[in-house]
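Shown next, in structure tokens, is the structure this report addresses.
The values are calculated or read from the model by the stated rules, or taken from the named source; none is laboratory data. What you are looking at is a predicted structure, and each value in this text was computed from that prediction instead of being measured. We place every Cβ from the backbone using ideal geometry, glycine too, and count neighbours over all the protein chains shown.
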Amino acid sequence: MSRILEEIQKRILVLDGAMGTMLQRYNFTEEDFRGKRFKEYHLPLKGNNDLLSITQPQAIKEVHHNYFEAGADIVETNTFSGTTIAMADYDMEDLVYELNYQSARLAKEVAQEFTKKNPEQPRFVAGSIGPTNKTASLSPDVNRPEYRAVSFEELRIAYKEQVKALIEGGVDVVLVETIFDTLNAKAALFTIEEVKEELQIDIPVMVSGTITDASGRTLSGQTVEAFLISIAHIDLLSVGFNCALGAEQLKPYLQRLSRATDINISAHPNAGLPNAFGEYDQSPKEMQQLIESYLKDGLINIIGGCCGTTPDHIKAIVDIAKKYKPRTINSKAGILDEDA
């Protein structure tokens, strides 16, 4: 049995917070993003955070270190945009394997360091698989509703290189996250199963969708229950939601999810909703109080933070999570139940 499967039965596991929020604090310049290796590169590279795993590896390790120091059990790799589809914006498709492998190795080194110091609290690395910047279900052109910017097969091929690199780089779990289009996620999940079979390994899989607004639906129009049905054929470590909403706004959808599934539930909400400047003002204490309501209601097995969260937010979450037991898996839960 995977060690993370053992640990999730004992306690609430804490995921890290936002990578982007932390990297913004470094105020990296275009030159910093380029480093020596890409000094003469033909396109601007500032904003390509995944590239920093190659050009600023110490900063990436420092972010992971800070989250583990705050008490996180799991950190995510710096690979949210690590596919050929997303990297095409920078003409860096050829770097995808290296970016993912290097990101996984950096996170794993820090995780092993913390596990060695405290074997009673093993630390884990989740390979972050983002949604890409294209959607397979929706047209980006309002005048051509039938048009699709990407196909399922193109997504499958793009995800395959990322998944293989993350696994070979040493991640403990793969996390398909911030899902706004379930068809994209299904391509990722299909690929993960394909790679597992090819490498003859078994690795836990987490899935985390995104409820985009008060309608309670994903961007591609699915309700909580429809999203769950679409991915329920995969044997998952957890299913949950992240991004778009703060802890307060996310809670009703976690309640619906909890009633509908017997899978472990994860959540990593934003630090509230963004202000007029796109910044997140919710303090660690405020977020802690909102997260505590999840724990009191027994909704959560894995909890963390998304946009705007920092090690201070994660420490506050760790402090409160210690006081509660993880959500009890209800074998009777199910989307077809009368009470669901």
**OP:** Consider only pairs whose beta carbons are under 8 Å apart and that are at least six residues apart or on different chains; among these, list those whose first residue lies in segment 259-279 and is over 24 Å from ALA126 (Cβ atoms) and whose second residue is among the acidic types (Asp, Glu) and surrounded by fewer than 24 Cβ atoms within 10 Å (Cβ to Cβ).
**Re:** ARG259/ASP337; ARG259/ASP339; ASN275/ASP281
Original post:
Can you pull out the helices (runs of 4 or more DSSP H) entirely within segment 141-231 that have at least 1 residues that are over 28 Å from ARG259 (Cβ atoms)?
Top reply: 152-168, 182-199
Subject >> Residue ID - farthest from PHE241 (Cα to Cα), chosen from residues in segment 114-134 that are in contact with a helix residue (DSSP H, G or I) (Cβ under 8 Å, 6 or more places away or on another chain) and either assigned to a helix (DSSP H, G or I) or of a type in the set (Lys, Arg) (or both) >> reply: PHE114
Original post:
Being at pLDDT below 95 and either crowded, with 22+ Cβ neighbours inside 10 Å or assigned to a loop (DSSP other than H, G, I, E, B) (or both), is that true of even one residue in segment 281-293?
Top reply: yes
Original post:
Does segment 265-274 contain any residue that is buried (at least 20 other Cβ atoms within 10 Å of the Cβ), closer than 15 Å to GLU177 by Cβ and in contact with a Phe, Trp or Tyr (Cβ under 7 Å, 6 or more places away or on another chain)?
Top reply: yes
**OP:** Taking the options TYR90, TYR97, name whichever one is without any contact (Cβ under 8 Å) to a residue 60 or more places away in the chain and surrounded by fewer than 21 Cβ atoms within 10 Å (Cβ to Cβ).
**Re:** TYR90
Original post:
Does at least one position in segment 189-201 carry a residue that is touching a Ser or Thr at 6+ places or on another chain (Cβ under 9 Å) and among the hydroxyl-bearing types (Ser, Thr, Tyr)?
Top reply: no
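Sort through ILE211, ILE203, ILE234 and tell me the only one that's in contact (Cβ under 8 Å) with a residue 60 or more places away in the chain and out of contact with any Pro (no Cβ under 6 Å at 6 or more places or on another chain).
Going through ILE211, ILE203, ILE234 in turn, the sole match is ILE203.
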Original post:
Name the residues in segment 165-186 that are buried (at least 19 other Cβ atoms within 10 Å of the Cβ) and either touching a residue at least 60 places away in the same chain (Cβ under 8 Å) or over 28 Å from GLN249 (Cβ atoms) (or both), would you?
Top reply: ALA165, LEU166, ILE167, GLY169, VAL171, ASP172, VAL173, LEU175, GLU177, THR178
Subject >> Output for segment 106-160, where each listed residue is surrounded by 15 or more Cβ atoms within 10 Å (Cβ to Cβ), among the small types (Gly, Ala, Ser) and either closer than 24 Å to LYS196 by Cα or without any contact (Cβ under 8 Å) to a residue 40 or more places away in the chain (or both) >> reply: ALA107, ALA111, ALA126, GLY127, SER128, GLY130, ALA136, ALA149, ALA158
Original post:
So which residues in segment 194-213 are in contact with a strand residue (DSSP E or B) (Cβ under 9 Å, 6 or more places away or on another chain) and farther than 15 Å from GLY127 by Cα, if there are any at all?
Top reply: GLY209, THR210, ILE211, THR212, ASP213
**OP:** Hey, could you check segment 232-265 for residues that are closer than 17 Å to GLU292 by Cβ and part of a strand (DSSP E or B) and say which is nearest to the chain's Cα centre (by Cα)?
**Re:** ILE265
Subject >> Members of segment 1-51 found to be in a loop (DSSP other than H, G, I, E, B), aliphatic (A, V, I, L, M) and in contact (Cβ under 8 Å) with a residue 60 or more places away in the chain, listed by number >> reply: ILE12, ALA18
Subject >> Selected residue (criterion: modelled with the lowest pLDDT) from residues of segment 199-231 that are surrounded by fewer than 17 Cβ atoms within 10 Å (Cβ to Cβ) and among the hydrophobic types (A, V, I, L, M, F, W, C) >> reply: ALA214
Original post:
Quick one: is GLY82 under 16 Å from the mean Cα position of the chain (by Cα), in a loop (DSSP other than H, G, I, E, B) and modelled with pLDDT of 95 or more?
Top reply: yes
